[in-house]
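The values are calculated or read from the model by the stated rules, or taken from the named source; none is laboratory data. None of the values given here were measured: they were computed from a predicted structure. Counting neighbours? That spans all protein chains shown, and the Cβs are built from the backbone with ideal geometry, glycine included. Surface accessibility is based on the protein's heavy atoms, side chains included, excluding ligands, DNA and RNA. Shrake-Rupley method; radii C 1.70, N 1.55, O 1.52, S 1.80 Å.
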Amino acid sequence: MAKLINVDVAIIGAGTGGMYALREVRRAKKSFVLIDAGPLGTTCARVGCMPSKVALHIAEFWHSQKEFARYGISGAEHLRLDGAAAWQALREQRDQFANSAAGSAKKGAGEHLMMGRARFLEPTLLAVEQASGTQHVRAKAVIIANGSRPVMPAFLEPFSEHCITTDEFFEMQDLPKSIGILGLGAIGLEMGLALARLGVEVHGADMAHTVAGISDPKVSEVALAEFAKEIHLYLGAPAALASAEQGVLLKAGDKQVQVDKVLVALGRRPNTDQLNLAEAGFELDERGQPLFDVHTLQVGSHPVFIVGDVNGYRPLMHEAAAEGAMAGYNAVQSAPVSFRRKTALAIAFTNPDVISVGKRFDELDENKVLIGTASSQANGRSRVLTDREGVLRIYADKVSGTVLGASMVGVRAEHVAQLLALAIERGDTAHDLLQIPFYHPVVEEMIPSALQDIARHIPDSAGLPFGLAVVE
């Protein structure tokens, strides 16, 4: 018979969400167990945001030689790239990030870390399958934070020897000469560009008519023109694979090409299917996901909370951290608190970067907003950094001028995204933002350039010049 442990809080998953939840549970001085099936280390550190940025960084170093001739630098023809060595250097940095995250889990949980796979028997009763046998855990509250895994559709199974997922991507020993990419969201696009800049022939396919989830047609137009210079794009049609003499045949619409490998970047699947939720009495939606409140993260009326990639709401590292803290706090309260969600923020580090902040273009009523536009070609800092095109579009309420959202493709757009996220969090109007000093030359000067378009339609009530305020 399995041994029973009683605790205040059981946390399933030692990733970002689970660790931030643990912080709050420990702060409340409550008893806990942290359960993880392994390997330890967050998705971000092991297979996501961190190793992908290392890959992009390496690729940008190598790709920068294409700018040499423009500035009178010669000798680039003597440079050589050892792809295996580059990828080994990437893995070494990846391991540092992952080992640090794993170490934090071990240190934070100590003797209360249980390595094993958990499943629900009841909403507050878990069975944990460990190497030593089954352990039962009865908790007053449970936090589900067991992450996600790459989607691998059944139609790809016959070609599995040629397919790699985003979890396996960084384990490649050598770079292929050519690769197909299924799915051009942020990760697929980032990895495709990294490989293209390292000399790999890249063919990317997506059912959408755009990349990186861009919904603004003006931003999409510029982004596609830029990225098509480096990647062969197959958009707006279903993709399929077929046998070839070597490698595999990638088909999309009326196009087909033979490639050595295929990176499957079709998103990630929440690991809820591993938890025995329906049998344990949880109400699920048509996708098999538990119903939960996005402001409390509570699952139904149970003392159970779901955070991070596994809830599928906003599968991003900074969101997982916030949700972990929310759930960890609520798990030790007599009644859960509803938290205000932070401004939506997404960045693809594609150089030119793709950003989305706040409300997306397709979420807005065009009759109720003003749109301000600025071009990278008119921004001094952007022109110094690159000859790539870019555009920023800022959306504001037509009456009040309150900034609602923005979309951009452009060099160092990551910095523009952070500033605009702050502005939206504060409820700033176009006139409020214009009062901020912008140094020259910085890429962020695109913000006041775009805001001028908006401010012209909403004159300052005192008739003052844009961006100036009187001494009170």
Count of residues meeting criterion [within 22 Å of ALA208 (Cα to Cα), open to solvent by 80 Å² or more (accessible area, probe 1.4 Å) and not in a strand (DSSP E or B)] in segment 254-285: 1
Neighbours by Cβ (under 9 Å, 6+ apart or cross-chain): first from segment 350-366, within 22 Å of VAL443 (Cβ to Cβ) and open to solvent by 40 Å² or more (accessible area, probe 1.4 Å); second part of a loop (DSSP other than H, G, I, E, B) and of a type in the set (Phe, Trp, Tyr): none
Residue tally, condition open to solvent by 20 Å² or more (accessible area, probe 1.4 Å) and part of a loop (DSSP other than H, G, I, E, B), over segment 16-41: 8
Top-ranked residue in segment 441-472 [being part of a loop (DSSP other than H, G, I, E, B) and of a type in the set (Val, Ile, Thr); ranked as farthest from VAL357 (Cα to Cα)]: VAL471
Pairs, first over 19 Å from LEU434 (Cα atoms) in segment 386-405, second part of a loop (DSSP other than H, G, I, E, B) and open to solvent by 10 Å² or more (accessible area, probe 1.4 Å), C-beta under 7 Å, six or more apart: THR386/VAL411; ARG388/VAL411; GLY390/VAL411
Residue among GLU92, GLU111, GLU67 that alone is of a type outside the set (S, T, N, Q) and closer than 15 Å to ALA10 by Cα: GLU111
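Restricting attention to segment 118-158, report how many residues are among the aromatic types (Phe, Trp, Tyr) and at pLDDT below 95.
1
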The listed residue being more than 30 Å from PRO176 (Cα to Cα) and either out of contact with any Asp or Glu (no Cβ under 9 Å at 6 or more places or on another chain) or open to solvent by less than 80 Å² (accessible area, probe 1.4 Å) (or both), out of GLY72, GLY83, GLY48: GLY72
Odd one out for ALA14, checked against (1) at pLDDT 85 or above; (2) more than 22 Å from the chain's Cα centre (by Cα); (3) of a type outside the set (Phe, Trp, Tyr): (2)
Residue in segment 54-72 that is part of a strand (DSSP E or B) and in contact with a Leu (Cβ under 8 Å, 6 or more places away or on another chain) present: no
Set HIS457, HIS431: member being more than 18 Å from the chain's Cα centre (by Cα), farther than 26 Å from THR210 by Cα and open to solvent by less than 50 Å² (accessible area, probe 1.4 Å): HIS431
Test: PHE97 is of a type in the set (A, V, I, L, M, F, W, C), open to solvent by less than 20 Å² (accessible area, probe 1.4 Å) and in contact (Cβ under 8 Å) with a residue 40 or more places away in the chain: no
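Among the residues of segment 213-220, is there at least one that is open to solvent by less than 10 Å² (accessible area, probe 1.4 Å) and part of a helix (DSSP H, G or I)?
Among the residues of segment 213-220, at least one is open to solvent by less than 10 Å² (accessible area, probe 1.4 Å) and part of a helix (DSSP H, G or I), which makes the answer yes.
Tally up the residues in segment 302-334 that are open to solvent by 60 Å² or more (accessible area, probe 1.4 Å) and under 20 Å from LEU291 (Cα atoms), please.
4
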The lone exception for ASN379 - which of (1) of a type outside the set (Ser, Thr, Tyr); (2) touching a residue at least 40 places away in the same chain (Cβ under 8 Å); (3) open to solvent by 50 Å² or more (accessible area, probe 1.4 Å) it fails: (3)
Subset of segment 388-421 that is hydrophobic (A, V, I, L, M, F, W, C) and farther than 16 Å from ALA212 by Cβ - its residue that is surrounded by the most Cβ atoms within 10 Å (Cβ to Cβ): ILE394
Test: residue in segment 233-242 that is modelled with pLDDT of 95 or more, under 23 Å from the mean Cα position of the chain (by Cα) and open to solvent by less than 20 Å² (accessible area, probe 1.4 Å): no
